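Only the coordinates and a few stated rules stand behind these numbers; no lab work does. Note that the structure is a prediction, hence the values are computed from the model and not measured. Here the Cβ is made from the backbone with ideal geometry for all residues, glycine too, and neighbour counts use every protein chain on show.
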Amino acid sequence: MSNGEVMAGIMRDHILALLKEGKRIDDRGLEEYRDLEVRTGVIQKAEGSAWVKLGNTQVLVGVKVDIGEPFPDLPDRGVITTNVELVPLASPGFEPGPPDENAIELARVVDRGIRESQAVELEKLVVVPGKLVRVVFVDVHVLDHDGNLLDASGIGAIAALMSARIPKVEYNEEADEVQVLDEYEPLPVKRTPVPVTFAKIGASMLVDPNLDEEHVMDGRITVTTDENGMISAVQKGDGGSFKLEEVMYAIDVAIKTSAGIREKILAAVKGG
């Protein structure tokens, strides 16, 4: 057994002992979120941007908008594409190079929460039906990893989208050209999906796991809901299993917890 495995075992025993007393390693309650800060308009040359600090986890999200082709099966919809970069300086476990499975999963969960909630009115991003649409690029950069990248990234993504202002465009049919105007308008965002992640450790469900808790968790589940309490995505990760009552508990707590998070997002967008 390696030193790392020994330390992980000791940490797990310590966390489980605390949980039996209803406590967590950082003195939070089981349903308590870490301190959350959200700022928008932090990247001058991006159409939209947001910085999120969740505990000691930090992410930076930028939104850029371009003109491109629609998906063949969705000719009357704009396109959203989400990418994640795990900056090597953010964690000893992050390495330079192409996205690994963790970055890919993170991008997919963030993308699904936005897409399935229909947060962005993609039909309003069509320039020429079946030919040209606005393509929205959401780029997530993890700056400091201390657990729960899923929530921090999802919060940053929707805040950046809501703060985005895009240049108006006109299509010249005779010249078959798109003219970019000097006028700007908000990106058409109509919903605010918020992810809330839980770690299962032993028999306990913990909201917003920090990195120590993630290292010893038996499973993870993320529930994304909008302001109407509608579920847009549920993602299970890191093995393990969840009973039906645990999933229902996660949904109930996610809806309640997301309300406060959403207020911070809206305040940041308004202030930014």
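Cross-link partners of Lys20 among lysines, defined as those whose alpha carbon lies under 17 angstrom from its own and excluding same-chain residues fewer than eight positions apart: Lys200.
Note on the chain: dipole from Cβ charges, positive end direction compared against Ser258, Pro195, Leu161; the farthest Cα belongs to Ser258.
Taking the Cα centre of the range 118-272 as origin and charging only Cβ (+1 Lys, Arg; -1 Asp, Glu), how large is the dipole, in debye to the nearest 20? Mind dumping the intermediate values first?
Details: 15 positive and 26 negative charges, 90 e Å.
Once rounded to the nearest 20, the dipole reads 440 debye.
In debye, nearest 20: dipole of the range 18-175 around its Cα centre with unit charges on the Cβ of K, R (+) and D, E (-)? Walk me through the intermediate numbers first.
Details: 18 positive and 28 negative charges, 70 e Å.
I would put it at about 340 debye.
Treating each Cα of the range 1-157 as one equal point scatterer and applying the Debye formula with no solvent, the log10 of I(q)/I(0) at q = 0.13, 0.15 Å⁻¹ comes out as -0.74, -0.90. Pairs over the 29 Å Cα-Cα cut-off, from the set Lys64/Lys243; Lys45/Lys270; Lys168/Lys190; Lys64/Lys256; Lys53/Lys131: Lys64/Lys243; Lys64/Lys256; Lys53/Lys131.
When you restrict to C-alpha pairs under 8 Å that are six or more residues apart and normalise by the size of the range 191-246, the relative contact order lands at 33 percent.
Of the trypsin sites (Lys or Arg not before Pro) found in the range 186-266, the ones in coil according to DSSP and having at most 10 other Cβ atoms within 10 Å of their Cβ are Lys243. Could you tell me the relative contact order of the chain? Use alpha-carbon pairs under 8 Å, at least six residues apart, and round to a whole percent. Value for the chain: 20 percent.
Between Glu32 and Lys264, residue separation times 0.36 nm minus the direct Cα-Cα distance comes to 82.0 nm. Working from label points 7 Å from Cα in the Cα-to-Cβ sense, the Lys23 to Glu246 distance is 2.4 nm.
Computed about the Cα centre, the dipole magnitude for the chain is approximately 640 debye when only Lys and Arg (+1) and Asp and Glu (-1) carry charge, each at its Cβ.
Put simply, the amide H of Leu143, placed in the peptide plane, has neighbours under 5 Å in Gln58, Val59, Leu60, leaving out anything fewer than 5 places away on its chain. Quick one: grab the alpha carbon gyration tensor of the range 143-198, order the square roots of its eigenvalues as a ≥ b ≥ c, and give me rounded if a/c is under 1.5, else prolate or oblate depending on whether a/b is larger than b/c. Since a/c reaches 1.5 and a/b is larger than b/c, the shape of the range 143-198 is classed as prolate. Farthest towards the positive end of the charge dipole of the range 1-134, among the residues Val84, Thr40, His14, is the Cα of Thr40, using unit charges on the Cβ of Lys, Arg, Asp and Glu.
Only one of the values (i) 53, 41, 38; (ii) 72, 40, 37; (iii) 60, 41, 36 was calculated from this structure for Cα extents along the principal axes in Å; name its label. Label (ii) holds the value from this structure. Ordering Gly68, Gly97, Gly55 by the projection of their Cα atoms onto the charge dipole of the chain, which places +1 on the Cβ of Lys and Arg and -1 on the Cβ of Asp and Glu, puts Gly55 at the extreme positive end. When the GluC sites (Glu not before Pro) in the range 78-156 are filtered for DSSP coil states and for at most 15 other beta-carbon atoms within 10 Å of their beta-carbon, the remaining sites are Glu121.
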